[in-house]
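Student: Supplied in structure tokens, the structure appears directly below.
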């Protein structure tokens, strides 16, 4: 049975897609069977995995509307050695079209149930807003991974996200829990980064992952080549950190 995790944060530009793609590739390097679900209409995770979003025959848009299943819509990231349920701009229209559907917040959960036995991990890259798409991700998931930068505004947004997760847990998905907070784009030279990091550890304890993802140019360059950072330059500090994070995730799952 696959463990399903949302990579979510209502704040934009905090490294959700970078984390989703590189964690998927890092887990694949550890011989885990991984499906990456791109739930963002921008389709950045699809492109980052090396799949051309402009040439899709079917995507998660059709899956959510019941016009295709995961089996026919998924594609293989040859570079990352994991499967992708791709996305493109069409997905933006799903928000409106799903309003009139029954069980609209559970469409993704029902679709993923058909391939549950084929994967060890399903990672869902959520858009940076609390929309019907994000709600589908939260309803389908066992837990949430929250990537965040160690800066003041990130702390502000975190309390909103935690409240949202609590509401979804109470009303729609009792399995949902916060798996952990991942510190990304970390610059140890900045005093503020160290202060916020210490605050997170103080408030959230063992919910803060031990792995810290540093600010890294090679990770930022990789998407333009359509290759996950951990494959693009495996020796870089960023790639090494995501591989270590993958190992920490596998270890944490065993204790769940």
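The values are calculated or read from the model by the stated rules, or taken from the named source; none is laboratory data. Computed from a predicted structure; not experimentally measured. Reconstructed Cβ throughout: ideal geometry from the backbone, glycine too, with neighbour counts over all protein chains shown.
Student: Considering each residue of region 1-49, count those that are under 14 Å from residue 123 (Cβ atoms), under 13 Å from the mean Cα position of the chain (by Cα) and without any contact (Cβ under 8 Å) to a residue 60 or more places away in the chain, and give that number.
Tutor: Count: 1.
Student: Is it the case, given these coordinates, that residue 189 is without any contact (Cβ under 8 Å) to a residue 60 or more places away in the chain, farther than 18 Å from residue 9 by Cα and more than 20 Å from the chain's Cα centre (by Cα)? Explain how you work it out, then say what you get.
Tutor: Numbers: without any contact (Cβ under 8 Å) to a residue 60 or more places away in the chain: yes; farther than 18 Å from residue 9 by Cα: yes; more than 20 Å from the chain's Cα centre (by Cα): yes.
Answer is yes for this residue.
Student: Shifting gears a bit: Could you figure out which of (1) farther than 17 Å from residue 3 by Cβ; (2) in contact (Cβ under 8 Å) with a residue 40 or more places away in the chain; (3) buried (at least 21 other Cβ atoms within 10 Å of the Cβ) isn't true of residue 199?
Tutor: In the conditions (1) farther than 17 Å from residue 3 by Cβ; (2) in contact (Cβ under 8 Å) with a residue 40 or more places away in the chain; (3) buried (at least 21 other Cβ atoms within 10 Å of the Cβ), residue 199 misses (3) alone.
Student: Return yes when residue 235 is surrounded by fewer than 18 Cβ atoms within 10 Å (Cβ to Cβ), out of contact with any strand residue (DSSP E or B) (no Cβ under 8 Å at 6 or more places or on another chain), closer than 18 Å to residue 134 by Cα and modelled with pLDDT of 95 or more and no when it is not. Full working, then the answer.
Tutor: Numbers: surrounded by fewer than 18 Cβ atoms within 10 Å (Cβ to Cβ): yes; out of contact with any strand residue (DSSP E or B) (no Cβ under 8 Å at 6 or more places or on another chain): yes; closer than 18 Å to residue 134 by Cα: no; modelled with pLDDT of 95 or more: yes.
No: the conditions fail for residue 235.
Student: Starting from region 206-226, take each residue that is on the phi > 0 side of the Ramachandran plot and list its partners that are outside any helix (DSSP H, G or I), counting only C-beta distances under 8 angstrom and pairs at least six apart or across chains.
Tutor: Taking only residues 6 or more apart or on different chains, the pairs are 226/49; 226/50; 226/51; 226/79.
Student: For residue 36, are the conditions met, namely being under 26 Å from residue 14 (Cβ atoms) and at pLDDT 95 or above? Full working, then the answer.
Tutor: Values: under 26 Å from residue 14 (Cβ atoms): yes; at pLDDT 95 or above: yes.
Against the criterion (under 26 Å from residue 14 (Cβ atoms) and at pLDDT 95 or above), residue 36 qualifies.
Student: Take the residues in region 135-157 that are free of Cβ contacts under 8 Å to residues at least 40 places away in the same chain and in contact with a helix residue (DSSP H, G or I) (Cβ under 6 Å, 6 or more places away or on another chain), then tell me which one is surrounded by the most Cβ atoms within 10 Å (Cβ to Cβ).
Tutor: Going residue by residue through region 135-157, those that are free of Cβ contacts under 8 Å to residues at least 40 places away in the same chain are 135, 139, 156.
Those still in the list that are in contact with a helix residue (DSSP H, G or I) (Cβ under 6 Å, 6 or more places away or on another chain) too: 135, 139.
Values: 135: 20, 139: 22.
My answer is 139.
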